[in-house]
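One structure is given below, encoded as structure tokens.
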Amino acid sequence: MRRTLASLIAAFTLSCGGCDNEKLVDAGCRYRQEHEVEACDNVDNNCDGIIDQYESREVCGLNGRGEKVVYCEAGGWTDRGECNDKDLCTITQQRSYYTGHQFTRGKGECRDGIEVCTDNVGVADYVKITQDILPSPELCDGLDNNCDGTVDNYELIPAQVCWGVLPEEYHGVGACRNGWFGCGDTECRGVSFPTPEVCDGVDNNCDRQVDDGFTEVCVPNDNCQEGSTDITYTGPIATQNIGECKDQISVCVRGSDNVATWNIIQQEVSPREESCDYLDEDRNCNGKTALEENRREKAYVLFFYDKSGSMAFKQANVAGGMCGFANNIALDPTLDYRFGLAFVPDIPDESRTRLVINYLPSAEFYTECTKQDFNSTGAFEIFYDGLHAAADGMYGLHSVPSEVDEFYVSFTDGEEPWSRRGYTENDVLMAVQNKGAIVYMFRPSVQEGITEAFDSIVSATGGMFYELTDSTLSWELMGDLEDIISKCKR
């Protein structure tokens, strides 16, 4: 019985050897080279002398629309790059959002809006389908309009002028003054009624005559009532006692000439132009310092966190500073920021870095940031590899609009080596400059090696070094981060 070529081939070993008949072996190998497809199984399926060791591409991403390169070696697949997925969410997924201050969220008339993830020119992102309801001025209507938790907060509702039982002939005459109706009031409050005339230069009894009815000539000497206090402010009412703005305060005192006069004990300060020369002052009295006033409206900030063992005494404050700063930004609805986080190195694999959080809006980043394990477990600070991976696309970061600044902010108490991949300082500098990112470094100033290793990268990109010690507190880091994103500089 004759055997077919296929049956002969099946008898051969996977290496195409082990057969005495060389012609049959050659024929089998040619057949397999022409018809067999290489599989990732640690076998040379197509008899080309190479076992596995080839690249392929896998579908990835939130909606399965991205690709990543995978490499087959010794019968197993490993990633050779990050997923190039540009989608920011899963299509049809919904979420609530609120752009007002978090203190007012869900209170009174304030309501969340709804966003739904929608495909937008090949990139999935959230689109608003219902608008959130934000605080509005308080009205006397039985509702909590300003969402402060109090219904009809009469202190915030403009009062209505009233005169109560004061006859019309006295309205606005001499010392007689109107009162007011506040929300919930049942009677007019604060009306100034006529009082007996005294020799003080005032029409006390509201008869349109000053210092009248005296049998002797009235010559008032005092300019004020001794011991009384006068408070005045000439600036816009919304700025009164906000920031650097202050009332003028005067106290009536009797001098050596026995005349009572006003003595100014605090000069008025009214709004002035905000200036970067006074970063920590609110000179225009709008509730924001110059540093806060000059925040960039939009920015992308990627944090690099050192997970080496020597960071053990700094981890809590550094984590609190990063996460807390993003939360502060989220509280300002006028700002549009994205934050990301990378671990340098990635524990337990000390030979690589990892993007832990891709760029997310401030509030979402804060939520994810607080879930991370910042415990230090010991490794080398391969910051060259981390910065290079972010700049050359290996991390697969979400794209940054061309008009928006991107910041790489590193926290380390670093010790060499800086790279496992052989990158030099110049390699990293060129990659970061091509990306257009600005590099900042928090490190102990006593670690001169860090400054020397990153000096050209930081200075050439327009960044700065900041001090980081075991005693640096979270709020101090948050202040330095404010400095970084501000258009003003210390």
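No lab work stands behind these numbers, since they all come straight from the coordinates. Just so it is clear, the structure is predicted and the values come from calculations on it, not from any experiment. We place every Cβ from the backbone using ideal geometry, glycine too, and count neighbours over all the protein chains shown.
In percent, what relative contact order does the chain have, based on Cα pairs under 8 Å that are 6 or more apart in sequence?
8 percent
Which FRET efficiency value, to the nearest 0.05, do you get for Ala238 and Thr150 by plugging their Cβ-Cβ distance into 1/(1 + (r/R0)^6) with R0 = 22 Å?
For Ala238 and Thr150, the calculated efficiency is 0.65.
Could you pull the Cα extents of the chain along its three principal axes, largest to smallest, in whole Å?
Answer, in whole Å and largest first: 151, 53, 35 Å.
Would you count, across the chain, every pair of lysines whose alpha carbons are under 18 angstrom apart, provided the pair is eight or more residues apart or spans two chains?
The number of close lysine pairs in the chain is 11.
Binning every alpha carbon pair distance of segment 378-490 at 10 Å from zero, what are the percents per bin?
Percent of Cα pairs in each bin: 13, 46, 34, 7.
Out of the DSSP beta bridges found with both residues in the chain, what percent are antiparallel (nearest 5)?
Of the beta bridges lying entirely in the chain, close to 65 percent run antiparallel.
Note down, for segment 295-485, the three equivalent ellipsoid semi-axes (square root of 5 times each alpha carbon gyration tensor eigenvalue), biggest first, whole angstrom.
For segment 295-485, the semi-axes come out at 22, 19, 16 Å.
Tell me, in nm to one decimal, what length is gained between Arg421 and Cys162 on full extension, where the rule is 0.36 nm per residue of separation less the Cα-Cα distance?
Working it through step by step, the gained length comes to 85.3 nm.
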